[in-house]
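Structure first, commentary second.
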Amino acid sequence: MPKAAPDPETSDVLQDLPQDPPQDLGGSKAASQSIFSDRNFLLFLVGQCISTQGLWIQKIAMSWLAWSLTGSAFWTGLIAALNFAPAFFLGPIFGVMADRVDLRRTAMILNLGQAGISFFLMGLSHAGMMTLPWMVILAASMGILGSAMTPVRLSLVPVIVRREFMSRAVAYAAMNFNISRLVGPAIGGVVIATWGTGVAFMLNAISYLPMVFVLSVVTIHLERAPDAKSRRIWAALVDGARYAISHPMIRSVLALSCFVSLVGTGMIELMPVFAEAVYERGVTGLGMMASAGGIGAVASTFMLSRVKSNAADFQRITIVGAFAAAMGMFGLGFSPWYELAVGLVALTGFGLTAVGVGSQTALQLTVDNKLRGRVMSFWSATSFGGMALGGTMLGAISEAGNIQYTARGSGALILCAASVGLWRLYRIGALGRRSSDISDAVR
């Protein structure tokens, strides 16, 4: 079987990528080094590991509390969406700021702000004063800080690790996030069942503090940091948007990640409804389903960590992930048994992570460093914003009907999007081979 031709749209861009300054080690020796020999990355990974454990504990606590207070799929989806909706509206603005600010100081301030909100949630929960309006306000506040943190965090990776470690750094950071997704909900379910949601919020608040310490000591390579201070905010935003829209590969990856987040990840936000209304398993069942999604995600990120730093390969992985997510979601819409549903959630988690991490890595390897914060903010806006809008929309649809019918529709739509993406990749490959044949004939 002939080897597929490389994507001509990405190969030219990769040649134009800014390179890191020469390293002390030779190129081949540096390439053979383990990324875990990099002290900067290890510190960053450990800090992120602790904070993301707390994030998933709080996430399951917020979802369960919303469902307990309202018994409504719509409000459960909306509360979950508010954690991500600000990324859709404010993410690009925060992306411009990420290209202009001191990344270390900004990340520390944002982490402390999130810790403060979590402590406030803890106080309200312990005092028995938690109401739906408070949940809406605080979920939105966490969403705003989180949407500001995302482009900053994504911009930190290239200034911490060398380019040849980039794909592994993104994959291992995602693996860490998804291991937390595996462990965090399980811990959260036990904590909520034993001590209540207040303790869950307290654990999340404390988890931000180690990351603040890590940010204070990690080495930031300022020579790799983007600098957009010479442009006004609106002009810089327009520059980033024009670059993303005019670049075929970036445009395609953003469109697919947005659509899958809208109709796929948005459905995952409604797991409390599946656990309680469909399978009657309560918060423990919710923790098991969330952990199953984490197992699939960890398997996906482990696979991604073995892929070489090639943007075209990661673009293809997003297509494979979309097919896997479509099968898992469609099957979930028909599953009569909880145990089967847990397995299908794992398959869905595998696929959604392949789309999310694959698209993020493809962009990180392609984007011009001067526009990194802005373009990655578009990714976070389409991914997290799509998740937020999708969770609200699918929650409203499920409120009016059966949530399993909604899952079937989501799976079918993702399957269509994956098919379009596969057709486009085949078309690009065919065009690349035809151009090569013509060149050979001319010679």
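The values are calculated or read from the model by the stated rules, or taken from the named source; none is laboratory data. Treat the numbers as computed from the prediction; the structure is a model and nothing was measured. Ideal geometry is used to build each Cβ from the backbone, glycine not excepted, and the neighbour counts take in all protein chains shown. The accessibility values were calculated without ligands, DNA or RNA, using every heavy atom of the protein model including side chains. Shrake-Rupley method; radii C 1.70, N 1.55, O 1.52, S 1.80 Å.
Observations, loosely collected:
- The fraction of accessible area contributed by carbon and sulfur in region 257-413 is 69 percent, rounded to a whole number (1.4 Å probe; ligands and nucleic acids excluded).
- In the full protein context, region 60-173 carries 34 Å² of accessible surface per residue, based on a 1.4 Å probe and ignoring ligands, DNA and RNA.
- For region 313-327, the Karplus equation 6.51 cos²θ - 1.76 cosθ + 1.60, evaluated at θ = phi - 60°, returns couplings of 5, 5, 5, 5, 5, 4, 5, 4, x, 5, 4, 5, 5, 4, 5 Hz by residue, with Gly and Pro reported as x.
- Karplus-derived HN-Hα couplings along region 63-72 (A = 6.51, B = -1.76, C = 1.60, θ = phi - 60°), whole Hz, x at Gly and Pro: 5, 5, 5, 4, 5, 5, 6, 10, x, 10
- Distance between modelled label sites at Tyr338 and Leu112, nm, 7 Å Cα→Cβ extension: 4.5 nm
- For region 242-325, the per residue solvent-accessible surface stands at 35 Å², with DNA, RNA and ligands left out and a 1.4 Å probe.
- In plain terms, the chain from Arg408 to Ala255 could stretch by 52.9 nm, reckoned as 0.36 nm per residue minus the Cα-Cα distance.
- Put simply, when 271-278, 119-126, 339-346 are sorted by average Cβ atoms within 10 angstrom per residue, most first, you get 271-278, 339-346, 119-126.
- Fraction of alpha-carbon pairs over 17 Å apart in region 91-153 - percent: 44 percent
- Modelled label positions at Met129 and Arg242, each set 7 Å beyond Cα in the direction of Cβ, lie 5.1 nm from each other.
- Rounded if a/c under 1.5, otherwise prolate or oblate - region 29-104, Cα gyration tensor axes: oblate
- Within the accessible area of region 47-191 (1.4 Å probe), percent carbon and sulfur: 74 percent
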